[in-house]
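Enquirer: Next up is a structure, given as structure tokens.
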Amino acid sequence: MSNHCKNDTEQINTHALSGPLTGVRVLDLTSNFMGPYASLLLGDMGADICKIEAPEGDTTRNVGPSRNKGMAAIFLHLNRNKRSIVMNLKTPSGLDALHRMIAQADVLLYSLRPNAMARLGLSYEQVKALNPRIIYCGAFGFGQRGPYAERPAYDNLIQAAVGVPMVQSRKTDGPPSYVGTAIADRIVGMATSNAILAALHFRGQTGLGQSVSVPMFETFAHFVMGDHMYGHTFVPALGDWGYARMTSPERRPFPTRDGYLSVEIYTDRHWQRLFEAVGRPEMAEDPRYINVHSRAQHMGELYEFLSHTFETRTSAEWVALLIEADISVMQMNTPESLLDDEHMKAVSFFAEQDHPSEGRIRTIGLAHEWSASPGKLRFPAPRLGEHTTELLREYGFREEEVRAVLAAGGALEAAQ
């Protein structure tokens with residue numbers, strides 16, 4: 001962390017910590033989903049996230065339902081534990097102000113293409129000259145050594161480029177389709193936060209800052225191909241691509257009398273207990289189902305058997321029966337019913353809070369648990385430019401300097 005942060009945190013008692021990254025200063029130049037998800041994870045662990053927005057604001061500010069312009073649902077869930085400063089980096093005043101902030105930061109996170117950063121005067125070499133210890137992390141579309149380097153990238157494009165729609169097609173026996181969540185953005189965002197943590201650890205060991213690149217295409221390909229390279233792992237190939245069990249059209253929740261159920265029957269013992277629980281113990285001795293290798297040749301038959309079997313009782317009845325048999329089972333939720341899930345209620349994962357401008361809202365919990373330095377919800381998602389003056393002061397600007405930057409249009413305060 002910066003020397004400024006070290007001096008501040010040396011006085012902090014362990015019980016006063018707001019997460020294991022307390023004192024780490026992050027200048028967040030990202031927008032949309034991927035970069036903000038990375039900084040969200042860092043902010044939830046206590047990092048001080050300075051969200052730097054252009055005058056028009058993050059693109060997600062108006063995505064989804066909202067009570068007020070610029071404070072839509074998607075934005076609220078991606079940008080808690082951050083403070084917003086509006087800076088116009090196309091003005092000399094705005095760029096000079098950012099340069100001063102860079103000198104005191106631990107991390108500069110961006111999602112523009114590297115050439116765009118260079119055109120702004122924010123290449124790694126330029127930033128390193130201002131702060132040799134900084135972690136300069138870019139999360140963008142493609143590795144810069146390949147022919148796609150200058151292409152823009154979005155979640156759907158990367159899903160398609162890595163082949164996910166074809167995996168979905170094999171499952172559904174229909175046309176290619178995207179996964180119904182921003183899976184590439186969020187997986188790469190998670191990988192980005194991990195890369196920043198590793199770079200901070202390296203700096204802690206060596207004192208050295210560095211540039212870190214997290215390209216979407218390559219990162220998401222790593223995530224998907226570990227399952228689906230499959231036969232093409234070998235040269236020459238030993239069969240087709242695709243983990244057959246995962247791409248089977250029958251691999252889906254089972255319908256019950258009143259809903260759907262997910263059941264994971266994996267080992268020989270699982271199958272033996274399942275056959276016994278449903279009153280068909282003789283199936284455990286059937287050569288077709290006796291071990292994993294023979295079952296693999298007859299999974300279609302087994303899935304059909306399970307489908308007919310689970311339709312005979314309610315989801316709650318099956319959950320009770322299968323838990324008793326020590327078989328992994330979960331009743332299927334919708335995003336709405338998940339809010340009332342008994343486990344989620346017990347761990348208080350979904351909570352309600354009064355947002356200063358948006359009224360009563362529901363929040364998504366912190367999944368991590370830390371015995372000595374727990375994270376917490378420190379800041380609700382900010383209004384555009386809500387903390388401009390506050391952050392400039394914290395980064396060492398005197399009152400007259402704050403006024404000068406605002407007057408020159410390099411930074412903007414929130415509209416009242």
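Just so you know, all these numbers are worked out from the coordinates, no wet-lab data involved. Predicted model, so just to flag it, every value in this text is computed and none were measured. Glycine also receives a Cβ, built like all others from the backbone with ideal geometry; neighbour counts cover every protein chain displayed.
Enquirer: What full-extension length gain, to one decimal in nm, is calculated for residue 208 and residue 284 as 0.36 nm per residue of separation minus the Cα-Cα distance?
Expert: 21.4 nm
Enquirer: Can you tell which of 302, 366, 27 shows the greatest fluctuation in a Gaussian network model of the chain with Cα springs below 10 Å?
Expert: 302
Enquirer: Filter the chain for me: DSSP H helices, axial length by Cα at least 24 angstrom, mean Kyte-Doolittle hydropathy not below 0.5. List them by residue number.
Expert: Qualifying helices, which must be both long enough and hydrophobic enough, are 183-206.
Enquirer: Next question. Based solely on C-alpha atoms, express the radius of gyration and the Dmax of the stretch 51-173 in angstrom.
Expert: Final numbers for Rg and Dmax: 17.8, 57 Å.
Enquirer: Please list the radius of gyration and Dmax for the stretch 254-331, considering alpha-carbon atoms only, with Å as the unit.
Expert: In Å, with Rg to one decimal and Dmax whole: 11.8, 33.
Enquirer: Just the number: Rg to Rh for the stretch 140-279, Cα atoms, Kirkwood Rh, two decimals.
Expert: Taking Rh as the inverse mean 1/r over Cα pairs, Rg/Rh reads 1.09.
Enquirer: Give the Rg (one decimal place) followed by the Dmax (whole number) of the stretch 319-416, computed from C-alpha coordinates and expressed in Å.
Expert: Computed over the Cα atoms of the stretch 319-416, radius of gyration and Dmax are 22.2, 71 Å.
Enquirer: Expressed as cubic angstrom per residue, what is the convex hull volume of the alpha carbon set of the chain?
Expert: Spelled out: Cα convex hull of the chain, divided by residues, is 185 Å³.
Enquirer: Hey, can you rank 210-218, 101-109, 265-273 by average C-beta count inside 10 Å, highest first?
Expert: Put in order of decreasing packing, that is 101-109, 210-218, 265-273.
Enquirer: Scale the Cα Rg of the stretch 371-416 by the rule-of-thumb value 2.2 N^0.38 Å and send over the ratio, two decimals.
Expert: Normalised Rg, Cα atoms only: 1.50.
Enquirer: So, one more: For the stretch 21-93, report the convex hull volume of the alpha-carbon atoms normalised per residue, in Å³, without decimals.
Expert: 83
Enquirer: Treat every Asp and Glu Cβ in the stretch 75-221 as -1 and every Lys and Arg Cβ as +1, leave all other atoms uncharged, and give the resulting dipole magnitude about the Cα centre to the nearest 20 debye.
Expert: 260
Enquirer: If r is the Cβ-Cβ distance from residue 150 to residue 344 and R0 is 35 Å, what FRET efficiency results, to the nearest 0.05?
Expert: 0.20
Enquirer: Only sites in a loop by DSSP and with at most 10 other Cβ atoms within 10 Å count here; which trypsin sites (Lys or Arg not before Pro) in the stretch 114-190 make the cut?
Expert: 145
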